[in-house]
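Beneath this line is the structure, given in structure tokens, with notes to follow.
The values are calculated or read from the model by the stated rules, or taken from the named source; none is laboratory data. From a predicted model like this one, the values you see are computed outputs, not experimental measurements. Glycine gets a Cβ as well: all are built from the backbone with ideal geometry, and neighbour counts include every protein chain shown.
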Amino acid sequence: PHDVGKVATVLSAEPCGEEWELRRHADGSLVARGVTEAPREPPDDGSTHPFERVGACFVDFSNVTAAGLYDLQTRGGNSTGIVVDANVYRAPLKQALAAFYMARCGQRTEPLSDPDLVTASLRGISVRPFAHDECHMEDGFVDERHTGEEGLERHRDGTGGFHDAGDYGKYTVNTAMAVGVLLHAWQHHAPALKCLELDGLPRAHPVMPYVLEEARYGLDWMLKMQKRDGRVYHKLTPSRFVGRGTLPDADRAKRFFAPWGTAATADLVAVAALGARMYAPFDPAYADALMDAALRSYAVLAAHPTEVIPDLSAFSTGDYVGQFNGNPNHDRGVRIWALSELYESTGNATFLDELEAHLSFFDTPTAQCAGNRDPLSMCKVADLVEWNQQRDMGIVPYLLSARSPDLRNASLVAEVGEQLRLVVDKWARTASYDPFGRHMGDFTKFGVSVWGINGEAARHALLFETARRALGVDHTRVSAATLHHLLGRNEERRSWVLKLGFNPPENPHHRPSFVFKDTWPGLLVGGPFPEWRDEWRSFASNEVAINWQAALVYALSALAPASCT
Ligand code: 9MR
Ligand code: ZN
């Protein structure tokens, strides 16, 4: 794993340079001392920075390496129970992954007995089981009003998959984002995930690492969303959200398939083609089935070069339609992802040519592409990786391609790489002035308008890692600081991950947590949009969702130690 140092931020009105002491928690013995350091002053060049100059100083205790519990004391205040441990990210990683198990639809889930889940993270808080009986076994129905398919209403098997978020709907586009990021986590950080298992979890596919079994649960469901001709249904949900008092196994609302669309279809191509590579060593027959599915849906995309947007007017559940969210290039972005995975899995030049043609559509000169967070960005690297902005999901395999022979256009590879470098270097510059070292600064005060900003922040770990591997630019410490922000190192002094970190949310928009009046550990909430409230009704900022959960898994696995040691 990477050494990301150990730096605390002390909020204080006093000038920096004060003494600090680190003591062993058990007996108060002194372990290290020093003086607090001031964050760098941003240059006074008229540019704005995404943070306020809060009174903040750094305590750098990176030299302390002996595992244990410590207390940090400064004049401004004390912080007790700081954990130093080479394995410090392992329990949170398990916890973050276990969230997917608990979100499984269509099967009974068991209460987990893994000691990492109940001791390290919960620290004695009562654990409610949160497990559920099999749910939504009637999924789902195809009819004219919801699905747009003529004829009598009929049943079609759509059981399985993950409950999306605080609601129990199942959405192809968002499932693809979650599964895709989990598979990228496996691809990039296998040592951390290789032997990671959850005690008490029944395994259906013990030949593969647990993370692959979990991702497969979502992928298998996506295959059920594919029609025989390769078109893919957009979602499977009730007409409207069910009441907040409903547990999964008590939900009797009738659920319908929504019409097919090109985005859902391209999403299936992307994750099935990626899955074909990832599962081949463990289950070749499954990998073949995935590739067949990917190619069948690719043929549909080829026959529909312009976006087909599903008519969702019979539903008031989530839409996950990029264009409604203001991004006219969503369909092109997800096609880029699909083609990139197809090329990487097959080596076929047709996919690559098409991919490179799409990439060339984004034609803003590279010098202007230092990461502007504009959803309409015409840069090749968008700097935003979202369910409605997926081209960076395709940039990752494109830049990291290991195909031989390498058929990529070398100058295009260089241009895309240069744009990624500009983005991550800009982030690192912001981080170097930020009192918490974060690449986006304080997005609680400067309201970056992205729903699910916490997931966005965590997902950038994917771009940092891609830059590290493809360009040799290592900003892992910056990426780590952003993860620490999610766990409570921020000006709110609050974690955004349930039951983890410091002072986490108590009232997430998550039906089981609402019913049990307790929270299931390890779930990331969306974050300020534009502000954050720890209230059930604040669904725009305090809801859990699988796409940002997968991003948390990715960011943690990037730092977790090898799991087999
Ligand atoms: O994360 C989604 C966000 O980008 C959209 O703007 C918003 C409105 O359509 O929906 C969010 O996703 C929600 C989905 O529609 C339904 N399940 C809960 C999701 C997380 O809030
Ligand atoms: Zn269910």
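Mind checking which pairs have a first residue in the stretch 96-111 that is within 16 Å of ligand 1 (Cβ to nearest atom) and a second that is of a type in the set (Lys, Arg), Cβ under 8 Å, 6 or more apart or different chains?
Listed by first residue and then by second, the contacts come to CYS105/LYS170.
Look at the stretch 397-417 and say how many of its residues are closer than 17 Å to ALA370 by Cα and either within 16 Å of ligand 2 (Cβ to nearest atom) or within 24 Å of the chain's Cα centre (by Cα) (or both).
Matching residues across the stretch 397-417 total 2.
Between SER62, SER12, which is surrounded by 15 or more Cβ atoms within 10 Å (Cβ to Cβ) and touching a residue at least 24 places away in the same chain (Cβ under 8 Å)?
Numbers: SER62 fails: surrounded by 15 or more Cβ atoms within 10 Å (Cβ to Cβ).
It is SER12.
Quickly run through the stretch 537-565 and pick out the residues that are buried (at least 18 other Cβ atoms within 10 Å of the Cβ) and assigned to a loop (DSSP other than H, G, I, E, B).
If the condition is that a residue be buried (at least 18 other Cβ atoms within 10 Å of the Cβ) and assigned to a loop (DSSP other than H, G, I, E, B), then SER538, ALA558, LEU559, ALA560, SER563 are the ones that fit.
For the condition assigned to a helix (DSSP H, G or I) and either in the same structural domain as HIS460 (by TED's automatic domain parsing) or at pLDDT 95 or above (or both), what is the one hit in MET378, MET393? Steps first, answer last, please.
On the way: MET378 fails: assigned to a helix (DSSP H, G or I).
One residue alone meets the criteria, MET393.
Of a type outside the set (Ser, Thr, Tyr) and surrounded by 16 or more Cβ atoms within 10 Å (Cβ to Cβ): which single residue out of LEU376, LEU399 fits that description? Can you show your working first?
Values: LEU376 fails: surrounded by 16 or more Cβ atoms within 10 Å (Cβ to Cβ).
None of the others qualify; the one that does is LEU399.
Can you give me the number of residues within the stretch 470-497 that are part of a loop (DSSP other than H, G, I, E, B) and not hydroxyl-bearing (Ser, Thr, Tyr)? Let's see the steps before the verdict.
We begin by selecting, within the stretch 470-497, every residue part of a loop (DSSP other than H, G, I, E, B); these are 472-475, 487-496.
Add one more test, that the residue is not hydroxyl-bearing (Ser, Thr, Tyr), and what stays is 472-475, 487-494, 496.
Total satisfying the criteria: 13.
Give the residue, chosen from VAL544, VAL525, that is at pLDDT 90 or above, away from ligand 2 (no atom under 16 Å from the Cβ), in the same structural domain as HIS189 (by TED's automatic domain parsing) and not charged (D, E, K, R). Can you show your working first?
Values: VAL544 fails: away from ligand 2 (no atom under 16 Å from the Cβ).
Within the list VAL544, VAL525, the selection yields VAL525.
Filter the stretch 201-214 down to residues that are under 22 Å from LEU556 (Cα atoms) and not charged (D, E, K, R) and give me whichever is surrounded by the most Cβ atoms within 10 Å (Cβ to Cβ). Let's see the steps before the verdict.
Residues of the stretch 201-214 that are under 22 Å from LEU556 (Cα atoms), as a first pass: 201, 208-214.
Cutting the leftovers down to not charged (D, E, K, R) gives us 201, 208-212.
Values: LEU201: 17, MET208: 20, PRO209: 19, TYR210: 22, VAL211: 26, LEU212: 23.
So the residue we want is VAL211.
As an exercise: evaluate ALA96 against (1) more than 16 Å from ligand 2 (Cβ to nearest atom); (2) touching a Phe, Trp or Tyr at 6+ places or on another chain (Cβ under 6 Å); (3) in the same structural domain as SER432 (by TED's automatic domain parsing) and give the number of the one condition it does not meet.
Looking at each condition in turn, ALA96 falls short on (2).
Please state which of the following conditions THR364 fails to meet, knowing it meets all the rest: (1) surrounded by 15 or more Cβ atoms within 10 Å (Cβ to Cβ); (2) in contact with a Cys (Cβ under 8 Å, 6 or more places away or on another chain); (3) over 19 Å from LEU339 (Cα atoms).
If we test THR364 against (1) surrounded by 15 or more Cβ atoms within 10 Å (Cβ to Cβ); (2) in contact with a Cys (Cβ under 8 Å, 6 or more places away or on another chain); (3) over 19 Å from LEU339 (Cα atoms), just (1) comes out false.
Run VAL515 past the list (1) of a type in the set (A, V, I, L, M); (2) within 19 Å of the chain's Cα centre (by Cα); (3) farther than 21 Å from ARG459 by Cα and report the number of the one that doesn't hold.
(2)
For the stretch 239-256, what are the residues that are more than 16 Å from ligand 1 (Cβ to nearest atom) and not in a loop (DSSP other than H, G, I, E, B)? Outline the logic, then answer.
Initial filter on the stretch 239-256 (more than 16 Å from ligand 1 (Cβ to nearest atom)): 245, 247, 249-250, 252, 254.
Residues satisfying the conditions are ASP249, ALA250.
Please verify whether the stretch 38-51 includes one or more residues that are at pLDDT 95 or above, surrounded by 14 or more Cβ atoms within 10 Å (Cβ to Cβ) and touching a strand residue (DSSP E or B) at 6+ places or on another chain (Cβ under 8 Å).
Filtering the stretch 38-51 down to residues at pLDDT 95 or above leaves none.
No, that holds for no residue.
Among the residues of the stretch 228-238, what is the count of those that are touching a strand residue (DSSP E or B) at 6+ places or on another chain (Cβ under 7 Å) and surrounded by fewer than 22 Cβ atoms within 10 Å (Cβ to Cβ)?
First, pick out the residues of the stretch 228-238 that are touching a strand residue (DSSP E or B) at 6+ places or on another chain (Cβ under 7 Å): 231-238.
Subsequent filtering for residues that are surrounded by fewer than 22 Cβ atoms within 10 Å (Cβ to Cβ) retains 238.
The qualifying residues number 1.
Among all residue pairs at least 6 apart or on different chains, which show Cβ distances below 7 Å where the first residue, located in the stretch 168-189, is closer than 13 Å to GLU213 by Cα and the second is more than 10 Å from ligand 1 (Cβ to nearest atom) and among the acidic types (Asp, Glu)?
These pairs meet every condition: LEU182/GLU214.
So, THR317, is that one surrounded by fewer than 19 Cβ atoms within 10 Å (Cβ to Cβ) and either in the same structural domain as ASP267 (by TED's automatic domain parsing) or of a type in the set (Lys, Arg) (or both) or not? Walk me through it before giving the result.
On the way: surrounded by fewer than 19 Cβ atoms within 10 Å (Cβ to Cβ): no; either in the same structural domain as ASP267 (by TED's automatic domain parsing) or of a type in the set (Lys, Arg) (or both): yes.
Here the answer is no, as THR317 does not meet what is asked.
Quick check on the stretch 429-471: of everything there that is closer than 29 Å to ALA410 by Cα and over 20 Å from the mean Cα position of the chain (by Cα), which residue is modelled with the lowest pLDDT? Walk me through it before giving the result.
Step one: of the stretch 429-471, the residues closer than 29 Å to ALA410 by Cα are 429, 459-471.
Filter once more, so that each one left must be over 20 Å from the mean Cα position of the chain (by Cα): 429, 470-471.
Values: ARG429: 92, ALA470: 98, LEU471: 98.
Only one residue fits best here, namely ARG429.
Suppose we keep only residues that are free of Cβ contacts under 8 Å to residues at least 24 places away in the same chain and closer than 23 Å to CYS135 by Cβ within the stretch 514-543. Which one would you say is farthest from ligand 1 (Cβ to nearest atom)?
Pass one, the stretch 514-543, residues free of Cβ contacts under 8 Å to residues at least 24 places away in the same chain: 517, 519, 533, 541.
Applying the additional criterion that residues be closer than 23 Å to CYS135 by Cβ yields 517, 519.
Working: LYS517: 21, THR519: 17 Å.
Out of the qualifying residues, it is LYS517.
Suppose we filter SER340, SER360 for residues that are more than 20 Å from the chain's Cα centre (by Cα) and of a type in the set (Gly, Ala, Ser); which single one remains?
Working: SER340 fails: more than 20 Å from the chain's Cα centre (by Cα).
SER360 is the lone residue from the list that is more than 20 Å from the chain's Cα centre (by Cα) and of a type in the set (Gly, Ala, Ser).
Report yes if ALA293 is closer than 30 Å to GLU144 by Cβ and in contact (Cβ under 8 Å) with a residue 60 or more places away in the chain, otherwise no. Break it down stepwise before answering.
Working: closer than 30 Å to GLU144 by Cβ: yes; in contact (Cβ under 8 Å) with a residue 60 or more places away in the chain: yes.
Judged against the criteria, ALA293 is a match.
Provide a single number: the residues in the stretch 151-165 that are surrounded by fewer than 24 Cβ atoms within 10 Å (Cβ to Cβ) and either more than 10 Å from ligand 2 (Cβ to nearest atom) or not assigned by TED's automatic domain parsing to the domain that holds ARG244 (or both). I'd like the intermediate steps shown before the answer.
Quick first cut of the stretch 151-165, residues surrounded by fewer than 24 Cβ atoms within 10 Å (Cβ to Cβ) only: 151-157, 159-160.
Those left that are additionally either more than 10 Å from ligand 2 (Cβ to nearest atom) or not assigned by TED's automatic domain parsing to the domain that holds ARG244 (or both): 151-157.
Summing the residues that are surrounded by fewer than 24 Cβ atoms within 10 Å (Cβ to Cβ) and either more than 10 Å from ligand 2 (Cβ to nearest atom) or not assigned by TED's automatic domain parsing to the domain that holds ARG244 (or both) in the stretch 151-165 gives 7.
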